[in-house]
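Participant: Below you'll find the structure I mean.
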Amino acid sequence: MADDSASPSPSSASPLQHHREALKSSVRNTAASRRREQAIAIGKERREALIRAKRVCRAPISGSDEAEMEEGDMVVDEEKACLEAKTAHAVEELKSALSIQGKGVQKKKIEALRDLRRLLSQPEVPLVDTAIKAGAVPLLVQYLSFGSSDEQLLEAAWCLTNIAAGEPEETKSLLPALPLLIAHLGEKSSTLVAEQCAWAIGNVAGEGAELRSTLLAQGALRPLTRLMFSSKGSTARTAAWAMSNLIKVGPDPKAANELITIDGVLNAIIASLEKEDEELATEVAWVVVYLSALSDRGISLIVRSSVPQLLIGRLFSSENLQLLIPVLRGLGNLIAADDYMVDSVLTVGNNIIGLIKCLKSDNRVLRKESSWALSNIAAGSFEHKKLIFASEATPVLIRLVTSAQFDIRREAAYTLGNLCVVPTGNCELPKIIVEHLVAIVDGGALPGFIHLVRSADVDTAGLGLQFLELVMRGYPNKQGPKLVEMEDGIEAMERFQFHENEQMRNMANGLVDEYFGEDYGLDE
């Protein structure tokens, strides 16, 4: 058995291993799989609660001729049947305008498009299904044809944007329009038209992996990247948002790996993060999140650029929740994947004040994300562990592991556990940092870990058991078993006596036999 004291030696784990393995996790997730898992989770939260994956365009894009929608265009208390009838009529007008020629036809086309767009833009009664059933999509594809006026293209793309913001099957109806929407992202298109097409594509990409694959196969990635360079803030924001939807977790990391190879993309990310525009920084930070979750090459390039410093700067200076979440997630991904990044964070930040700020936040996602980032710093060198241990983070983490929501308690537990051990780099038990262990146990963390042992989630219960092993093996004067017993830890471990998971069963039974066998208590 290894010594119970630790020397200040750095972790020998490869960057390809997740730092958390310092705590000898029973399920050894690689860094890449863990980052993907977290990206899926945060993507769901983003879609459900934070920033909708699909967005309805209700107001004109800044800079277009129509500064605002005219009052009185829509009577919001009209009956649904009346609005549906208006929508069907608007589609018929679209069809009619395509079939006529002569003076005034362009004006008629614009008016027909605008009428449909206004119906699709109002929130009270969803009318997308009605428009689709009336045959709007193939007509709108014709209105997107090359040679059309910018005003016509803008209105047609706007209609398609809001159709794409509908239900899954409604979004899929846009498949015939995708080649033209992508084509109008090109350099020959006006900025307004390209931005509106990017919005529509972002909505399509937000629907799911199948549609993302279609967009990628049709070449959407490179023109979207070009739009991120736009000097027009709303265009750059829309392009970055659509990009993050396009490259986020899908069947494989192909899109993220392709994106990072495009000339200038890293410069575009850096330039966007350097601007004061927090909305733009938010969208670009999401691009960093998915690049760092899915592309090893992306990680390698990002950590050696100025992106980490820019993210850290945002972490310190901003109170914007929608910005802080992707910033913290991106930093967490980079820390988890690259040992160099840990030193970079601590050097640039000089300390971990930014992470502690998020750890103390009332927002659940920020607490979870900061705990996860700290757990990976804590799995690093002895100096890194000492830095966290001596900071305000430790008492906050102890409080979280005993009283926070389940997912946050688990993240806090990983951090506290990693603060107590230095990995040996082989199959031996990790060396214990006794000073840290004693302070964390005496600070009141033990009941929280025993509660984790009772978790129905096997990985979480295993984490709790690992910490109990540290306490029983490493607490001074052999007082660890008694402390565990006083908190009903024996009962918690005995739950695994006949557990179906062999590894958990053997681990729990082995701990009970070793520390609470026939000789337990005889030397008192």
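Participant: Exactly one of (1) modelled with pLDDT under 90; (2) surrounded by fewer than 12 Cβ atoms within 10 Å (Cβ to Cβ) is unmet by ASN477. Its number?
Facilitator: (1)
Participant: Show the residue pairs that are 6+ apart or on different chains and have beta-carbon atoms under 6 Å apart, the first residue being within segment 494-505 and surrounded by fewer than 14 Cβ atoms within 10 Å (Cβ to Cβ), the second being modelled with pLDDT under 90 and part of a loop (DSSP other than H, G, I, E, B).
Facilitator: Between residues of segment 494-505 that are surrounded by fewer than 14 Cβ atoms within 10 Å (Cβ to Cβ) and residues that are modelled with pLDDT under 90 and part of a loop (DSSP other than H, G, I, E, B), the close pairs are GLN503/SER26.
Participant: Filter segment 52-100 down to the residues that are at pLDDT 80 or above, within 21 Å of GLN152 (Cα to Cα), open to solvent by 40 Å² or more (accessible area, probe 1.4 Å) and not small (Gly, Ala, Ser) and list them by number.
Facilitator: Selection gives LYS86, HIS89, GLU92, GLU93, LYS95, LEU98, ILE100.
Participant: For segment 457-471, enumerate the residues that are open to solvent by 10 Å² or more (accessible area, probe 1.4 Å) and assigned to a helix (DSSP H, G or I). Step through it out loud before you land on a result.
Facilitator: We begin by selecting, within segment 457-471, every residue open to solvent by 10 Å² or more (accessible area, probe 1.4 Å); these are 457-459, 466, 469.
Hits for segment 457-471 are VAL458, ASP459, GLN466, GLU469.
Participant: Here is a check on your reading of the model: is GLY444 farther than 26 Å from LEU397 by Cα, open to solvent by less than 90 Å² (accessible area, probe 1.4 Å) and out of contact with any Asp or Glu (no Cβ under 6 Å at 6 or more places or on another chain)?
Facilitator: Values: farther than 26 Å from LEU397 by Cα: no; open to solvent by less than 90 Å² (accessible area, probe 1.4 Å): yes; out of contact with any Asp or Glu (no Cβ under 6 Å at 6 or more places or on another chain): yes.
Spelling it out, it is not the case that GLY444 is farther than 26 Å from LEU397 by Cα, open to solvent by less than 90 Å² (accessible area, probe 1.4 Å) and out of contact with any Asp or Glu (no Cβ under 6 Å at 6 or more places or on another chain).
Participant: Looking at LEU429, is it open to solvent by 40 Å² or more (accessible area, probe 1.4 Å), outside any strand (DSSP E or B) and of a type outside the set (Lys, Arg)? Outline the logic, then answer.
Facilitator: Details: open to solvent by 40 Å² or more (accessible area, probe 1.4 Å): yes; outside any strand (DSSP E or B): yes; of a type outside the set (Lys, Arg): yes.
Yes; evaluated as a whole, the condition is true for this residue.
Participant: For segment 169-180, which positions are out of contact with any Ser or Thr (no Cβ under 9 Å at 6 or more places or on another chain) and open to solvent by less than 60 Å² (accessible area, probe 1.4 Å)? Quick ask: steps written out before the conclusion?
Facilitator: Applying the first criterion (out of contact with any Ser or Thr (no Cβ under 9 Å at 6 or more places or on another chain)) to segment 169-180 yields 169-174, 176-177, 179.
Correct list: GLU170, THR171, SER173, LEU174, ALA177.
Participant: Take the conditions crowded, with 20+ Cβ neighbours inside 10 Å and under 22 Å from LEU397 (Cα atoms) and apply them to LEU294. Does it pass? Lay out the reasoning, then the answer.
Facilitator: Details: crowded, with 20+ Cβ neighbours inside 10 Å: yes; under 22 Å from LEU397 (Cα atoms): no.
Criteria not met by LEU294.
Participant: Could you please give the count of residues in segment 492-519 that are acidic (Asp, Glu) and outside any loop (DSSP other than H, G, I, E, B)? Quick ask: steps written out before the conclusion?
Facilitator: In the first step, residues of segment 492-519 are kept if they are acidic (Asp, Glu); the result is 494, 500, 502, 513-514, 518-519.
Pick out the ones that are also outside any loop (DSSP other than H, G, I, E, B) and you get 494, 502, 513-514.
Qualifying residue count for the region: 4.
Participant: For segment 214-248, give me the residue count where each residue is of a type in the set (Gly, Ala, Ser) and not in a helix (DSSP H, G or I).
Facilitator: We begin by selecting, within segment 214-248, every residue of a type in the set (Gly, Ala, Ser); these are 217, 219-220, 230-231, 233-234, 236, 239-240, 242, 244.
Now drop any that are not not in a helix (DSSP H, G or I), which leaves 219-220, 230-231.
Count: 4.
The values are calculated or read from the model by the stated rules, or taken from the named source; none is laboratory data. Keep in mind the model is a prediction, meaning the values are calculated, not measured. Neighbour counts run over all protein chains shown; Cβ positions are idealised from the backbone, glycine included. Remember, those area values only see protein heavy atoms, side chains included, never the ligands or the DNA or RNA. Shrake-Rupley method; radii C 1.70, N 1.55, O 1.52, S 1.80 Å.
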